[in-house]
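Colleague: Here it is, the structure in full.
None of the figures in this text is laboratory data; all of them are computed from the coordinates on show. Note that this is a predicted model, so its numbers are computed, not measured. Neighbour counts are summed over all protein chains in view; Cβ atoms, including those assigned to glycine, are modelled from backbone coordinates with ideal geometry.
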Amino acid sequence: MSLFIRKYKPGVVYNTQILWRLNSTTAETQKQGEEEEEFRVLDILQKKTRIQKKAARRADIQPDRSEKMPTDQNWGNVWPGPRSFHPSSVPLPIRQGYVPKGQAPPGKKANAELMKIPNFLHLTPPVIKTQCEAIKPFCTEWPKLLNSEEAIEKHYPVEVITSDYCHASPTIRNPLARIVTMRVKLSDLKLDSRARDKFLRLVGDKYDEKTDLVTFTADRCPVRKQNLDYVNYLLTACYHESWTVEDWEKEKCLEDMEYYDFDMHPSKKNLVNWFFMSNNKENNLSDDEIKSFDTSSIPNGVEYKNAVSELFNEGENVTTLKNYDTAVRKLLGLPEKKVVD
Amino acid sequence: MNTPTILKLVQPLNILSKCSPVFASQFHTSSALCRVVSGKYRITKKRDRPLTYEMANPPHYIAHRKSWNSWNTSSLKDGLRKSETAVEDEFIRRFINGTWHGLVCSEVIIKRQFNHIRIAAIIRRAVSPTKMYFLIGYTEELLSTWIQCPVTLELQTVDSYKDVVFKYI
């Protein structure tokens, strides 16, 4: 007893209570003790101590970086490049995942789905702006005269199309990148009617009538440069070949023509003769002069010419025959066809 | 009895497949192996089997409720290096699971950009940070030596497996 007193000398209330408890052999003191405080429960499993130990071990883990971020920070410095999502760096309450109705989707921490999807946190609008500003000194101004599609087409008639491939692999080469396509408008090439005809025969199905484009595609060489050279060679060779006239080409006569040319046929001669006779003029034109005679000087002559050419080139059908009918009536000054119901 | 006829049927096909040119992408027509049970988990009696979000969604929910674990252009139409990429990915997965033994809490996510391989995973904080830093450097160094590509590890750490548990069945 005396020992205890000496040990807990400071005389705090708690100590005196313990004293009381130690001393409580008599019934009186026990009653008093129960009123003041309950007995401590014997803790066999000692759960409390274990939890304390666990907490102490995790003390070295830093709090999230996102919690310490100021609101006016430069986000480009926090997330400078492409990177998988990391919850402690992103100060956004993001959630992702499919859950039954009424539940909240999984949060950003320990969420593998957020790590899977590609994010664009490194390409926020301010970052893009700064990067654009940084590369601006290396850019040249767009030529002012090339302000429209038409101007570009006029000054750069040859169009070269190649494809670059961007893919995830240790090599940057893609065999498809070798393919070169060159397009040029046929009307941009300086060709007369004979050379144009020969050019079209040389290129074959590479010419598209609807768009008036000649398209050369090369993929036979392993490198793009070689294919580009080859395509250039093709265009040059075709162009110059179409201008050369071989001896045997002169042997082509009217029967060999693949289309009906009004100026070359006797119809033209008949028309011109009829025109001079009906106007009581003297007709002493040679064959070549008749061929080069301008049809538009004859009233309704162009219409007649078109109608005849159409009739021979497209063949007889309701439209061409009807056109021919009206053209002839106009040319000869006959009344219009009466529609009999 | 039937074997000779089968052989006859099979042989011309093999010859055909040998002679015909190998196209960039061939149509895959075989049925999925063990379609009913693969990638799915049975409910236990006590309802105490922990599942991550990845495990909770069966394979047919890929691209609907969960996304792919490998991101690359090889799996696109006419992609290059299909088989090489698949084998490399499998190798990386096994290497990570073995190197970070018992620490990987999620699937190993492999993303490829150009020649850069980014590997993401959720790791348990069961080893000291020093060891973790060593393992990161070790993994990156060895993988980049083998695959001949820069490899980056992008890890997220959790306290325990329980953090990644989505539900119990």
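Colleague: Say the cut-off is 23 Å between C-alpha atoms; which of B:LYS45/B:LYS162; B:LYS46/B:LYS162; A:LYS154/A:LYS225; A:LYS154/A:LYS305; A:LYS268/A:LYS322 go over it? Intermediate values should be presented prior to the final figure.
Modeller: On the way: B:LYS45/B:LYS162 20 Å; B:LYS46/B:LYS162 17 Å; A:LYS154/A:LYS225 25 Å; A:LYS154/A:LYS305 33 Å; A:LYS268/A:LYS322 20 Å.
Over 23 Å Cα-Cα: A:LYS154/A:LYS225; A:LYS154/A:LYS305.
Colleague: Another question about this same structure. Could you give each residue of the stretch A:143-160 its phi-based ³J(HN,Hα) in whole Hz, using Karplus coefficients 6.51, -1.76, 1.60 with θ = phi - 60°, and x for Gly or Pro?
Modeller: With coefficients 6.51, -1.76 and 1.60, one gets x, 5, 6, 8, 8, 9, 4, 5, 5, 5, 5, 5, 7, 10, x, 8, 10, 10 Hz.
Colleague: If you consider only alpha-carbon coordinates, what radius of gyration and Dmax does the stretch A:76-128 have, in Å?
Modeller: Looking at the stretch A:76-128, its Cα Rg and Dmax stand at 12.6, 39 Å.
Colleague: Between A:ILE152 and A:GLU37, what is 0.36 nm times their sequence separation minus the Cα-Cα distance? Round to one decimal in nm. List each step's numbers first, then the result.
Modeller: Numbers: separation 115, 0.36 × 115 = 41.40 nm, distance 9.72 nm.
Going from the current span to full extension adds 31.7 nm.
Colleague: Would you calculate the volume per residue, in Å³, of the smallest convex hull containing every Cα atom of chain A? Walk me through the numbers before you get to the answer.
Modeller: Numbers: hull volume 144.9 nm³, N = 341.
Value for chain A: 425 Å³ per residue.
Colleague: Restrict the search to the stretch A:264-319; then list the GluC sites (Glu not before Pro) that DSSP places in a loop and that have at most 15 other Cβ atoms within 10 Å of their Cβ. Can you show the working numbers first?
Modeller: Working: sites: A:GLU282, A:GLU289, A:GLU303, A:GLU310, A:GLU314, A:GLU316; in loops: A:GLU282, A:GLU316.
Sparse-neighbourhood loop GluC sites (Glu not before Pro): A:GLU282, A:GLU316.
Colleague: Which links in A:LYS116/B:LYS77; A:LYS144/A:LYS198; A:LYS185/A:LYS291; A:LYS108/A:LYS129; A:LYS116/A:LYS136 stretch past 32 Å when you go from one Cα to the other? It would help to have the intermediate numbers written out before the result.
Modeller: On the way: A:LYS116/B:LYS77 21 Å; A:LYS144/A:LYS198 38 Å; A:LYS185/A:LYS291 30 Å; A:LYS108/A:LYS129 28 Å; A:LYS116/A:LYS136 34 Å.
Where the Cα-Cα span goes over 32 Å, the pairs concerned are A:LYS144/A:LYS198; A:LYS116/A:LYS136.
Colleague: Tell me the label-point distance for the pair A:ASP325, A:GLU258, using the 7 Å Cα-to-Cβ offset, in nm and rounded to one decimal.
Modeller: For the pair A:ASP325/A:GLU258, the computed spacing is 3.3 nm.
Colleague: Under 18 Å from the Cα of B:LYS111, which aspartates and glutamates turn up, not counting those fewer than eight places away in the same chain?
Modeller: A:GLU113, B:GLU54, B:GLU84, B:GLU88, B:ASP89, B:GLU90, B:GLU140, B:GLU141, B:GLU154
Colleague: Once phi is turned into θ = phi - 60°, what whole-Hz ³J(HN,Hα) does the Karplus curve with 6.51, -1.76 and 1.60 give for every residue of the stretch B:98-105, x standing for Gly and Pro?
Modeller: Result, ordered by residue: x, 6, 9, 5, x, 10, 7, 9 Hz.
Colleague: Please average, across the residues of B:117-130, the number of beta carbons from any other chain that are within 10 Å of each residue's own beta carbon, and give a whole number. Intermediate values should be presented prior to the final figure.
Modeller: Values: counts 2, 3, 1, 8, 3, 5, 0, 0, 4, 0, 0, 1, 3, 0.
Mean number of neighbouring Cβ atoms from other chains: 2.
Colleague: Through the Karplus equation 6.51 cos²θ - 1.76 cosθ + 1.60, θ set to phi - 60°, convert the phi angles of the stretch A:204-211 into ³J(HN,Hα) values in whole Hz; use x for Gly and Pro.
Modeller: Rounded to whole hertz, the list is x, 7, 6, 9, 10, 5, 4, 9.
Colleague: Using a 10 Å cut-off on Cβ to Cβ distances, tally the other chain neighbours for every residue of B:101-109 and report the average as a whole number. Can you show the working numbers first?
Modeller: Numbers: counts 0, 0, 0, 0, 2, 6, 3, 1, 6.
Other-chain Cβ atoms within 10 Å of each residue's Cβ, averaged: 2.
Colleague: Listed highest first by mean packing, meaning other Cβ atoms within 10 Å per residue, what order do A:176-184, A:254-262 come in?
Modeller: Working: A:176-184: 17.7, A:254-262: 10.9.
Going by the mean number of other Cβ atoms within 10 Å, highest first, we get A:176-184, A:254-262.
Colleague: Then there is this: Looking at the square roots a ≥ b ≥ c of the eigenvalues of the Cα gyration tensor of the stretch A:236-341, which shape do they give, rounded for a/c under 1.5, prolate if a/b is larger than b/c, or oblate? All intermediate terms of the calculation are to be shown ahead of the outcome.
Modeller: Values: a/c = 3.00, a/b = 1.53, b/c = 1.96.
Oblate, because a/c is 1.5 or more while a/b does not exceed b/c.
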